[in-house]
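Since every read-out is calculated from the coordinates, none of them should be taken as a lab result. Bear in mind that the values here come from a model prediction, so they are computed numbers and not experimental data. Ideal geometry is used to build each Cβ from the backbone, glycine not excepted, and the neighbour counts take in all protein chains shown.
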Amino acid sequence: MSDEQKKQDIDEFKHNVKTWLHLDDKISDLQQKIKAYKNQQKELNPLIIHFMNKRDIQEVNSNEGNIRFNVAKTRASLSNKKLQSSISSYFNNDDQTQNLIEHIMNNREIKETVKLKRFE
């Protein structure tokens with residue numbers, strides 16, 4: 001590789017890093033704005049839900065958009081403590097419980113991701 005090519009590669013790399021940092025700044029600014037909007041929305045949620053629930057309103061249609069009153073049931077996350085408690089009540093044997101928990105925890109899939117992260 002010639003010296004000129006190396007210089008071009010380094011210049012391109014510097015430009016890419018500078019652009020990446022600029023975009024990271026913009027993303028950070030937008031995320032702060034989104035957080036503020038979500039907090040405002042979070043404050044309004046109980047007021048709207050209470051009104052719709054009290055008057056048995058399922059949907060609101062307006063020029064700005066539509067809102068549907070929806071109840072969704074989801075399962076809670078499975079923590080190590082909850083897993084141990086459930087298995088312990090099933091087996092009634094602390095050794096079997098501990099062995100199974102260790103087996104489950106040690107055989108979880110390990111996912112590796114490569115990404116760039118800004119630091120100060």
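Need one number: nm distance between label points at GLU102 and GLN41, each 7 Å from Cα along Cα→Cβ, rounded to one decimal.
Here the answer is 4.6 nm between the modelled labels.
Could you sort out which of LYS6/LYS117; LYS26/LYS115; LYS14/LYS115; LYS42/LYS117; LYS33/LYS111 sit more than 24 Å apart by Cα distance in this structure?
LYS6/LYS117; LYS42/LYS117; LYS33/LYS111
Using the per-residue mean of other Cβ atoms lying within 10 Å as a proxy for protection, in what order, highest first, do the peptides 26-36, 64-74 fall?
26-36, 64-74
With the crude spin-label approximation of a point 7 Å out along Cα→Cβ, what separation in nm comes out for TRP20 versus ILE34?
2.0 nm
Which shape class, rounded, prolate or oblate, goes with region 75-120 when its Cα gyration tensor gives a ≥ b ≥ c as root eigenvalues, a/c under 1.5 marks rounded, and past that a/b bigger than b/c marks prolate?
Note, shape of region 75-120 comes out prolate.
Compute the Rg/Rh shape ratio of the chain: radius of gyration over Kirkwood radius, all on alpha-carbon atoms.
Here the Rg-to-Rh quotient is 1.22.
For the chain, what is the relative contact order in percent, using Cα pairs closer than 8 Å and at least 6 residues apart in sequence?
Across the chain, relative contact order equals 12 percent.
Given the options SER79, ASN53, ASN66, identify the residue whose Cα lies farthest towards the positive end of the charge dipole of the chain (+1 on Cβ of Lys, Arg; -1 on Cβ of Asp, Glu).
Positive-end residue among those listed: ASN53.
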